[in-house]
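Below you'll find the structure, written out as structure tokens, and then a few comments.
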Amino acid sequence: MEHLVYTDAKSKVFDKIMAGEKTLIVRGAAGRKLPHSRVFAGEKLYFIENDGSGEIKGTAVVKDVFNSEKMTAEESTEILEGKQDQLQLSAAQKKRWYGKKILCLIEIEAPKTIEPMDLDRQKNMDDWLIVENIADITTQGHAEEYKNIRLNK
């Protein structure tokens, strides 16, 4: 599977990933949601900034994944604080992610910029999409209405 990952433009997440400064991506929630338990080592991530440009402009490979069980807000915060050198979270991002009961930490490697591809915008508002092939969701590919692969739990 391939993954489309939205990055926070205000915090310059894409630039930090491409520079090799940020090597760990976090997603969290009160319950299990994508990409928890649905992203694996060796899979390819594609990056798009949440700036409205619709340009997919970078990739990386998943090196390792940590999927937490339910934990306290304190445990969650402690894990993220201990990984701050890899996460490079801004103050706003800390506010967003600290204290989440369920975390998914995705370690990445081999980041690189690519020739931009345009996302074929659909009604989906998730910040992480899982597709069989990135071409399925680009205007350059063979985009038809796609369905994000969701957790069945």
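Just so you know, in the stretch 114-131 the residues that are more than 16 Å from the chain's Cα centre (by Cα) and not aliphatic (A, V, I, L, M) include one that is farthest from Gly58 (Cα to Cα), and it is Lys123.
With a requirement of 1 or more residues that are open to solvent by 30 Å² or more (accessible area, probe 1.4 Å) and touching a Cys at 6+ places or on another chain (Cβ under 9 Å), the strands (runs of 3 or more DSSP E) lying completely within the stretch 21-78 that satisfy it span 55-67.
Which count do you get for residues in the stretch 97-153 that are within 16 Å of His36 (Cβ to Cβ) and at pLDDT 95 or above?
From the stretch 97-153, those within 16 Å of His36 (Cβ to Cβ) are 97, 100-107, 126-130, 148-153; that's our starting set.
Restricting the remaining residues to those that are at pLDDT 95 or above gives 97, 100-107.
Total meeting the criteria: 9.
Go through the stretch 79-99 residue by residue and tally those that are charged (D, E, K, R) and open to solvent by less than 60 Å² (accessible area, probe 1.4 Å). Here the count works out to 0.
Among residues of the stretch 20-52 being without any contact (Cβ under 8 Å) to a residue 60 or more places away in the chain and over 16 Å from Ile106 (Cα atoms), the one that is nearest to the chain's Cα centre (by Cα) is Glu49.
The values are calculated or read from the model by the stated rules, or taken from the named source; none is laboratory data. Remember, it's a predicted structure, so these values are computed and weren't measured experimentally. Every residue, glycine among them, receives a Cβ derived from its backbone with ideal geometry; neighbour counts consider all protein chains shown. The area values use the complete protein model at the heavy-atom level, side chains included, leaving out ligands, DNA and RNA. Shrake-Rupley method; radii C 1.70, N 1.55, O 1.52, S 1.80 Å.
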